[in-house]
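Peer 1: My questions all concern the structure below.
What follows is calculated from the coordinates using simple rules that are stated; it is not laboratory data. Predicted, not measured: the structure shown is a model, and the values here were computed from it. Cβ: placed from backbone, ideal geometry, glycine included. Neighbour counts: every protein chain shown.
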């Protein structure tokens with residue numbers, strides 16, 4: 001078996017046009033895979049310099065393989081099972097700014113640099129007032145980026161054609177808006193002047209994005225077989241699902257510079273990210289949140305098995321297509337296509353997604369993912385959505401604890417005050433008090449849900465049915 005490096009594998013030389021903050025599994029299986037496809041199919045002709053955003057990271061491992069690695073895509077594509085391996089060759093080099101700060105800052109001096117892409121975790125886009133312009137480097141990601149932009153501004157004497165296009169991929173809503181605000185805070189803190197501020201405003205663009213691809217990461221259980229198949233000793237293989245979506249809130253002239261559509265990729269340039277964010281939260285996260293307790297209390301442990309179950313599968317379809325989809329404002333065919341893709345992802349034969357892993361903090365999840373849909377459905381249809389109401393009753397029942405019919409122990413996990421509230425309410429042995437008490441918890445919902453017409457009675461009726469008939473019979477009753 002060969003080592004993986006540029007002596008043993010072909011590696012193209014391309015101009016360095018992209019600075020990527022982050023070297024983790026997600027960026028390598030999503031962004032770098034997208035750039036690889038753009039190079040292959042749309043003559044994008046760009047390579048990536050990776051910058052390690054924190055002091056400890058993986059750049060040494062990457063450089064040891066000359067920044068070559070394989071992406072293993074697994075899943076269903078229009079019903080066909082796919083399990084592919086692709087060698088990604090787009091990273092030219094990887095830097096640690098904590099030990100190579102001069103090289104990091106020199107990236108700003110390269111005239112061909114055009115894009116900055118980041119995924120520094122949700123906590124990465126934060127203002128740290130202790131950062132100084134003279135730090136080598138600043139500790140925060142926005143601090144490092146401001147240092148780089150300021151150095152570029154000075155190097156090219158404020159030339160407007162040398163601005164950068166910035167795509168943050170951190171999993172926070174309107175990540176671009178947050179990053180831009182934070183850069184303004186550093187401009188003010190470090191007194192970088194109005195000229196630089198104007199250059200940043202007019203020559204650079206910071207665009208909000210939404211990313212979507214499940215990336216399980218390094219395939220520990222399959223790695224020996226994968227290396228045998230590749231005949232390379234690749235220690236940076238990254239596994240991911242086939243589905244990918246990147247929504248970028250930016251004008252069409254940016255799309256022309258980043259021609260992902262020409263490579264047949266699911267990358268959308270749109271005027272507003274908000275409806276796509278709402279679509280993902282509603283049609284992917286929303287069903288996840290309610291299918292999990294319903295499936296678990298019916299004796300089903302894996303998301304894929306829940307989708308394929310004769311009763312639970314129908315329940316999931318009802319919640320997605322008949323209830324939640326009715327609450328969104330994008331074109332119906334677009335929503336239907338997205339929902340079908342979500343079901344294909346839930347059915348991925350390679351991923352054993354345990355429903356219990358989704359049920360951590362179920363109440364806060366229901367509040368953000370399902371409650372808006374419940375209210376909109378009631379407003380539009382004049383009645384409560386039965387599947388979503390049953391999902392809420394299932395969560396309340398799950399939080400009772402105890403044992404399942406097959407003897408498996410039910411161990412809910414949430415904030416201590418929520419756990420205590422449910423324990424006290426179930427101790428009354430009165431489902432009316434349980435329903436009223438949970439719905440009245442303003443600390444969870446920010447309001448008293450007993451005020452929603454018919455909800456208290458509907459939740460109580462479901463709780464009673466689950467106690468008397470069991471979960472599966474209760475589900476059958478609403479189908």
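Peer 1: Between residue 2 and residue 93, what's the calculated FRET efficiency when r is the beta-carbon distance and R0 is 30 Å? Round to 0.05.
Peer 2: Numbers: r = 21 Å, r/R0 = 0.71.
It comes to 0.90.
Peer 1: Within segment 231-264, find all residues whose amide N lies under 16 Å from a label point positioned 7 Å from the Cα of residue 40 along Cα-to-beta-carbon.
Peer 2: Taking a point 7 Å out along Cα→Cβ of residue 40, the residues of segment 231-264 whose backbone N falls under 16 Å are 238-244, 260-264.
Peer 1: Give the shape of segment 291-400 as rounded, prolate or oblate, defined through the alpha-carbon gyration tensor: a ≥ b ≥ c are the square roots of its eigenvalues, a/c under 1.5 means rounded, and otherwise the shape is prolate if a/b is larger than b/c and oblate if not. Don't skip to the end; give the middle numbers.
Peer 2: Working: a/c = 1.86, a/b = 1.18, b/c = 1.57.
The shape class here is oblate.
Peer 1: Moving to a separate point now. I'd like the distance between the alpha-carbon centres of segment 399-461 and segment 1-32, rounded to an integer number of Å.
Peer 2: 49 Å
Peer 1: Turning to a different aspect of this structure: Take 426, 445, 199 and order them by how many other Cβ atoms sit within 10 Å, fewest up front. Walk me through the intermediate numbers first.
Peer 2: On the way: 426 20, 445 17, 199 24.
Arranged by neighbour count, lowest to highest, 426, 445, 199 become 445, 426, 199.
Peer 1: What whole number of Å gives the distance from the Cα centroid of segment 174-229 to the Cα centroid of segment 365-395?
Peer 2: So the two Cα centres are separated by 34 Å.
Peer 1: I've got another one for you. Which shape class, rounded, prolate or oblate, goes with segment 218-320 when its Cα gyration tensor gives a ≥ b ≥ c as root eigenvalues, a/c under 1.5 marks rounded, and past that a/b bigger than b/c marks prolate?
Peer 2: oblate
Peer 1: Order these peptides, 340-348, 143-151, by their mean beta-carbon neighbour count within 10 angstrom, highest first.
Peer 2: On the way: 340-348: 19.3, 143-151: 23.8.
For the peptides 340-348, 143-151, the packing ranking is 143-151, 340-348.
Peer 1: Taking 0.36 nm per intervening residue step and subtracting the Cα-Cα distance, what contour gain separates residue 253 from residue 197 on full extension?
Peer 2: Extending this stretch completely gives an extra 17.9 nm.
Peer 1: Looking at the chain, send over the antiparallel percent of its DSSP beta bridges, to the nearest 5. Walk me through the intermediate numbers first.
Peer 2: Numbers: 16 of 45 bridges.
Antiparallel bridges: around 35 percent, rounded to the nearest 5.
Peer 1: Also, quick follow-up: Which shape class, rounded, prolate or oblate, goes with segment 330-479 when its Cα gyration tensor gives a ≥ b ≥ c as root eigenvalues, a/c under 1.5 marks rounded, and past that a/b bigger than b/c marks prolate?
Peer 2: Values: a/c = 1.59, a/b = 1.20, b/c = 1.33.
Note, shape of segment 330-479 comes out oblate.
Peer 1: Here is a further query. Could you give the angle, 0 to 90 degrees to the nearest 10, between helix 175-189's Cα long axis and the longest principal axis of the Cα atoms of the chain?
Peer 2: That works out to roughly 50 degrees.
Peer 1: Let me ask something else. Just for segment 2-270, what percent of DSSP beta bridges are antiparallel, to the closest 5? Show your work: numbers first, answer last.
Peer 2: On the way: 14 of 43 bridges.
Expressed as a percentage, antiparallel bridges in segment 2-270 total about 35.
Peer 1: So, one more: For the chain, calculate the relative contact order in percent as a whole number, restricting contacts to Cα pairs under 8 Å that are 6 or more residues apart.
Peer 2: Relative contact order here is 13 percent.
Peer 1: Give me 327, 8 ranked fewest to most by other Cβ atoms within 10 Å of their Cβ, as a rough exposure proxy. Write down the numbers at each step before the final one.
Peer 2: Working: 327 22, 8 15.
If I rank by nearby Cβ atoms, fewest first, I get 8, 327.
Peer 1: If you don't mind, there's one more thing I want to ask. Using per-residue counts of other Cβ atoms within 10 Å, averaged over each peptide, order 410-417, 131-138 from highest down.
Peer 2: Working: 410-417: 13.8, 131-138: 15.8.
Top to bottom by mean Cβ count within 10 Å: 131-138, 410-417.
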